[in-house]
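Novice: Sharing a structure, written as structure tokens. Questions coming.
The values are calculated or read from the model by the stated rules, or taken from the named source; none is laboratory data. Since this is a predicted model, take the numbers as computed values, not measurements. For neighbour counting, all protein chains shown are included, and Cβ atoms are generated from backbone atoms with ideal geometry for every residue, glycine included. Accessible surface is based on the protein model in full, side chains and every heavy atom, while ligands, DNA and RNA are left aside. Shrake-Rupley method; radii C 1.70, N 1.55, O 1.52, S 1.80 Å.
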Amino acid sequence: MRFEGTLDIAAPRDRVWSFLTDPKQVTTCAPDVQSLDVTDPRHFKVVVRAGVGPIKGTFSMNVEFTELVEPGHAIVLARGQAPGSAVELRSTMDLAALDGTRTTMKWASDVTVSGMIQQVGARLMQGAADKITQQVFSCIKAKLEAPVTA
Amino acid sequence: MATEIGGIGSSVKRKEDARFIRGRGNYVDDVKLPGMLYLDIARSPYAHARIKNIDTSKALAIPGVLAVITGKDLVPLKLEWMPTLMSDRQMVLPTDTVLYQAQEVAAVVATERYIAADGVAAIEVEYEPLPVVVDPIKALQPGATLVREDREQKDNHIWHWEVGDKAGTDKAFKDAEVVVKQDIYIPRIHVSSIETCGMVASFDKINGKLTVWMTTQAPHAIRTVIALVAGHLGLSEERIRVISPDIGGGFGGKVPVYPGYVLAIGASVLTGHPVKWIEDRSENIQADSFARDYHITAELAAKKDGTMQALRVKTVADHGAFDAAANPSKYPAGLFHIITGSYPFAKSFVEVDGAYTNKPPGGIAYRCSFRVTEAAFTIERLVDVLALEIKKDPAELRMQNFIPPTAFPYTSSLGWEYDSGDYGRALRLAMEKIDYAGLRKEQAQKRAKGELMGIGISSFTEIVGAGPSKHFDILGIKMFDSCEIRVHPTGKAMVRLGVKSQGQGHETTFAQIVAEELGLPVGDIAVEEGDTDTAPYGLGTYASRSTPVAGGATAIAARKIREKAKLIAAHLLEASPDDIEWKDYKFQVKGVPAKSKTMQEVAFAAYTNHPQGMEAGLEAVDYYDPPNLTFPFGSYICVVDIDRGTGEVKVRRFVAVDDCGVIINPMIVEGQIHGGLTMGLAPALYEQITYDDDGNIQGGNFMDYLLPTAMEVPSWETAKTTTPSPHHPIGAKGVGESATVGAPAAIANAVVDALAHLGVRHIDIPITPWKVQKILKEKGVAE
């Protein structure tokens, strides 16, 4: 499955960049995070709970920033498993500064889901993914557009 | 008299139903032993992946989890692979690579079923996904993803098999006036028996005896397989007891050895405790062997008047990741070369190529002997394609071409010797019962009004009763079957067989054969199967073989008893054995009906007053290797109406005329046909297992895999003709699979017939409303 879109964020590009490429900050917007273990700036492990309708799983995800080109281009590869299911995700992100205070993020994700979640929930997957995407982005927007606290 | 005895031809009520309808059957999952442990299996979410690491520590930390078994643990025992019936091998557990989704990866043994499942959820496997190939045609192309790295041959081609006269067939096609060609896909389907597979394995460490209760259609063969596979671990055949208790449907799916069985045995040997393994529904439908999955290109050459001359068939067979087809014939595509069907093709040629894909093993003979459904569907569909091409009525075209009754025994151009048949009689009866001429008139009127109605025929010929040792063996063991009869002093009998009922009614029908041969009431005859410690060796029940093979053994064993009984009767009647005749189920002095002895009187004498010099007792055993297969046949006619709005196909009427030779129990045969027709309707309109490009199974549960229910099943109309098998001891041919084999083509032909005037020539099954609606839209006739 491929998902893509554009998001306007009322925050300067370097702030958006540092938020999205910092495992500790960006995972605050991931769905239902159980734990985070940062190996190095490019690698981290995160455990999230996600699923489709009643089929929920605890996914243990290995995440790697395979490309980080400051100030605006990144590719992230995430691979994880829940009992009976597996997920693989490759996302690209490009940030463009609209002006000093606003940033446009162009993003695209290729997601492969295998196992029970795919078998049982295939027809609901698109809707569930849209919902998760919306939640994640509104969280990112909210956090970045909030006034900076020192 | 026959009704009192309950012999051949009586609709005796099924003896086994007394326990089944009261919920008192005894299935594997009903077996409970003291100290029993439970096994559950972790399975791969990926269709193809490298296993980088399996972390079992969290699972082992759960209280109640006693052991976790991985592929690496099986290596020192040499049990990580097991042989298949097809000269291939299959992983029990993988050591480094998984080849299909839901493949077994590790097993957890625990004190409770739910703890075992928790253990499975706690196993952490690190996978590196690999490219996936699910389409066998693509799998055979150069550069395709390699499924089986363990083989020396570095491509996905398993075998090539061909039969027939290639040059002669090619020439016939070159010279032919008419040639029709059709691509036909017979989709992958699953037997979906109501009872899933399972086992209770109990190893007694003191005396080294292994007892297993197992859902198997072939307990004796399994005992030998266990001894061959695990003999090096000390399991020798005299210390292995396989018990196949009541089985809730087999249909071919309970012939193979699945990894779970091996793991349950291994876990019991390891722990010294009984171990139970029972699949859940999703495991059953996702990982157990599949049926069909044949990509066929079929061509038929004929004269302009419709006289069929030659048949040419090319097929790619998808066998999944392991060639573990349940096929004991000497031919990799089973009995697919029955594809000439009911017609006397002078020349024919068939070739099949097997391919590996990232899917579970295929090749279950799902209620179809071995690839007979694929064959019957193809030829019966192709005949209709020819009928369309030359604008001839499909019934007339069949009548014109049938092998005539005078031609039997008939040897086909692909080498089978058909035992007996009268195909025209069966089709005429079906046409009469359904009022074929009237239906064609009605169809013409409806068509004028824009309504879509179709009539489909299938005049199939089956090949069952595996089988003669020249065509079949399992690991070299010939496919005879056996019956042992003991007549007790009070005139009651115990009958034991090497086959195994999964619902077919053996306890009734085999008792009826003995009743007929010995003149004992059917109620006085107990039939027992499935326990290798007590039953004579046999190869099991599948491929409609029980009546053709074990039925023959039963009749002959009974006749051996009657021979001895005759000598005892002569002794009791103080007459010469030559003066004794078997008449009205009694031994009589010829011409003196008053001087007679019943079998009960003879049985008592066999233990109390047997002649000097004769062994006491009244027992016999027979191992019957049939001289030939049997060839049941039938003609089915189906009427469908198609909804122009939804594309839904409704089966309005279905007349099934079957000829399975001599019928033992008409009620049971009718039940077999009803069930078989329903299982033929299923792939025609509903069932199919597909995979997405990543190898995810689509249809791995009963929400997505559409089994027909009472709501979808029409009211079947059955009738029969009787053409006895000349070589079978009681003239029977077997009926277990006829309807599954014959029905799909009748339904598909009816749908195509309804749409033929729009230019439709073929639709692949399952013919779903979506497919039909798409055609209606393309043709501009959708409502």
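Novice: Add -39500 (n - 2.57) for each DSSP H run of 4 or more in chain B, then divide by its residues: what number comes out at 222 nm, to the nearest 500 deg cm²/dmol?
Specialist: For chain B, the value works out to -8500 deg cm²/dmol.
Novice: Would you count, across the range A:2-145, every pair of lysines whose alpha carbons are under 15 angstrom apart, provided the pair is eight or more residues apart or spans two chains?
Specialist: So the count of such lysine pairs works out to 4.
Novice: Taking all protein chains in place and a 1.4 Å probe, what share, in percent, of the accessible surface of the range B:656-712 do carbon and sulfur account for?
Specialist: On the range B:656-712, the fraction of accessible area on carbon and sulfur atoms equals 61 percent.
Novice: Ranked by accessible surface with a 1.4 Å probe, highest first, in what order do B:S413, B:S635 come?
Specialist: I get B:S413, B:S635, largest accessible area first.
Novice: Could I ask something else about it? Please compute the length gained on full extension between B:D435 and B:T111, using 0.36 nm multiplied by the number of residues separating them and subtracting their Cα-Cα distance.
Specialist: 110.3 nm
Novice: Run the 1.4 Å probe and let me know the accessible area of B:D641, rounded to the nearest 10 Å².
Specialist: 40
Novice: Residue by residue through A:80-93, how many Cβ atoms from other chains fall within 10 Å of the Cβ on average?
Specialist: Going residue by residue through A:80-93 and averaging, the value is 3.
Novice: Could you name the lysines in cross-link range of B:K72, using Cα to Cα under 17 Å and dropping any fewer than eight places away on the same chain?
Specialist: Cross-link targets: B:K52.
Novice: Can I ask one more? Per residue, what accessible area does chain B have, given a 1.4 Å probe and all protein chains present, in Å²?
Specialist: Spelled out: the 1.4 Å probe surface of chain B, per residue, equals 35 Å².
Novice: Hey, got the dipole for chain B? About the Cα centre, +1 on K and R Cβ, -1 on D and E Cβ, debye to the nearest 20?
Specialist: Dipole magnitude for chain B comes out near 1160 debye.
Novice: May I have the extent of the alpha carbons of chain B along their three principal axes, as whole Å values ordered from largest to smallest?
Specialist: 85, 73, 50
Novice: Would you work out the relative contact order for chain B, in percent, from Cα pairs under 8 angstrom that are 6 or more residues apart?
Specialist: Averaging sequence separation for qualifying contacts and normalising by length gives 16 percent for chain B.
Novice: Report the local net charge at A:G80: Lys and Arg +1, Asp and Glu -1, summed over other residues whose C-beta lies under 10 Å from its C-beta.
Specialist: Computed value for this residue: +1.
Novice: How long is the range A:2-145 along each principal axis, judged by its Cα atoms, biggest number first, in Å?
Specialist: 46, 31, 22
Novice: If you don't mind, another one. Mind checking which of B:V592, B:V257, B:F203 is farthest towards the positive end of chain B's charge dipole, using Cβ charges of +1 (Lys, Arg) and -1 (Asp, Glu) about the Cα centre?
Specialist: B:V592
Novice: For the range B:148-190, report the translational diffusion coefficient in µm²/s to the nearest whole number, using Stokes-Einstein at 37 °C, 0.692 mPa s, and a Kirkwood Rh over Cα pairs.
Specialist: Reported coefficient: 223 µm²/s.
Novice: Just how much of B:V132 is accessible, in Å², when a 1.4 Å probe is used and the result is rounded to the nearest 10?
Specialist: So the heavy atoms of B:V132 present about 40 Å² to solvent.
Novice: Add +1 for every Lys or Arg and -1 for every Asp or Glu among the other residues with Cβ under 15 Å from the Cβ of B:G266, and state the total.
Specialist: My count for the surroundings of B:G266 gives 0.
Novice: Could you compute the FRET efficiency for B:D175 and B:E351, with r as their C-beta to C-beta distance and R0 at 25 Å, rounded to 0.05?
Specialist: 0.75
Novice: Now for a separate question. Mind ordering B:64-71, B:174-181 by average Cβ neighbours within 10 Å, highest first?
Specialist: B:64-71, B:174-181
Novice: Averaging sequence separations of C-alpha pairs under 8 Å and six or more residues apart, then dividing by the length of the range A:2-145, give the relative contact order as a whole percent.
Specialist: Normalised by residue count, the contact order of the range A:2-145 is 28 percent.
Novice: Additional query: How far is it, in nm, from the label point at B:K72 to the one at B:V781 when both lie 7 Å from their Cα along the line to the Cβ?
Specialist: Result: 6.4 nm between the two label points.
Novice: Given a 1.4 Å probe and the protein chains all in place, what does the accessible area of B:V125 round to, in Å² to the nearest 10?
Specialist: Near enough 20 Å² of accessible area.
Novice: Here's another thing I want to ask about it. Measure up B:K174/B:K777; B:K13/B:K586; B:K500/B:K597; B:K254/B:K650; B:K347/B:K470 against 28 Å on the Cα-Cα distance and list the ones that go over.
Specialist: B:K174/B:K777; B:K500/B:K597; B:K254/B:K650
Novice: Another question, then. Could you sort the peptides B:526-535, A:130-139, B:449-458 by per-residue average Cβ neighbour count (10 Å cutoff), highest mean leading?
Specialist: Ranking the peptides B:526-535, A:130-139, B:449-458 by packing returns B:449-458, B:526-535, A:130-139.
Novice: In angstroms, what radius of gyration and Dmax does the protein assembly as shown have, counting Cα atoms only?
Specialist: 31.8, 123
Novice: I would also like to ask the following. Once Rh for the range B:514-559 is found with the Kirkwood sum over Cα pairs, what is the Stokes-Einstein diffusion coefficient at 10 °C and 1.306 mPa s, in µm²/s?
Specialist: 134
Novice: For the range B:498-528 and the range B:205-219, what is the separation of their Cα centres, given in Å?
Specialist: What the calculation gives is 26 Å, centre to centre.
Novice: Here's something else I'd like to know. What average number of partner chain Cβ atoms lie no more than 10 Å from the Cβ of the residues making up B:125-134?
Specialist: That average works out to 2.
Novice: Express as a percent, rounded to the nearest 5, the fraction of DSSP beta bridges in the protein assembly as shown (both residues included) that run antiparallel.
Specialist: Given both bridge residues lie in the protein assembly as shown, the antiparallel proportion sits at roughly 85 percent.
Novice: Hey, another quick one. Have a look at A:P41, A:I9, A:F137 and report the one farthest towards the positive end of the charge dipole of the range A:2-145, computed about the Cα centre with Cβ charges (Lys/Arg +1, Asp/Glu -1).
Specialist: With unit charges placed on the Cβ atoms, the residue in question is A:F137.
Novice: Here's another thing I want to ask about it. Determine the calculated [θ] at 222 nm for chain A from helices alone, applying -39500 (n - 2.57) to every DSSP H run no shorter than 4 residues and normalising by the residue count; nearest 500 deg cm²/dmol.
Specialist: So the helix-based figure for chain A works out to -9000 deg cm²/dmol.
Novice: Oh, and also: Could you work out how far helix A:116-145 tilts from the main Cα principal axis of chain A, as a 0 to 90 degree angle to the nearest 10?
Specialist: Between the helix axis and the principal axis of chain A, the angle is about 20 degrees.
Novice: Less than 14 Å Cβ to Cβ from B:G700, Lys/Arg counted +1 and Asp/Glu -1: what total charge do the surrounding residues give?
Specialist: Within the 14 Å Cβ shell, the charges total -3.
Novice: Say R0 is 56 Å: what FRET efficiency, to the nearest 0.05, do B:I21 and A:R2 get from their beta-carbon distance?
Specialist: Once the sixth-power term is evaluated, E becomes 0.55.
Novice: Give me the number: length gained by fully extending B:I477 to B:E237, i.e. 0.36 nm times residue separation minus the C-alpha to C-alpha distance, one decimal in nm.
Specialist: Once the chain is fully extended between B:I477 and B:E237, it gains 84.9 nm.
Novice: Across peptide B:282-289, how many C-beta atoms of other chains are within 10 Å of each residue C-beta, on average?
Specialist: Mean shielding count: 1.
Novice: Taking 60 Å as R0, compute the FRET efficiency from the Cβ-Cβ separation of B:T690 and B:Q612 and round it to 0.05.
Specialist: Step by step, r from the Cβ atoms, then E = 0.25.
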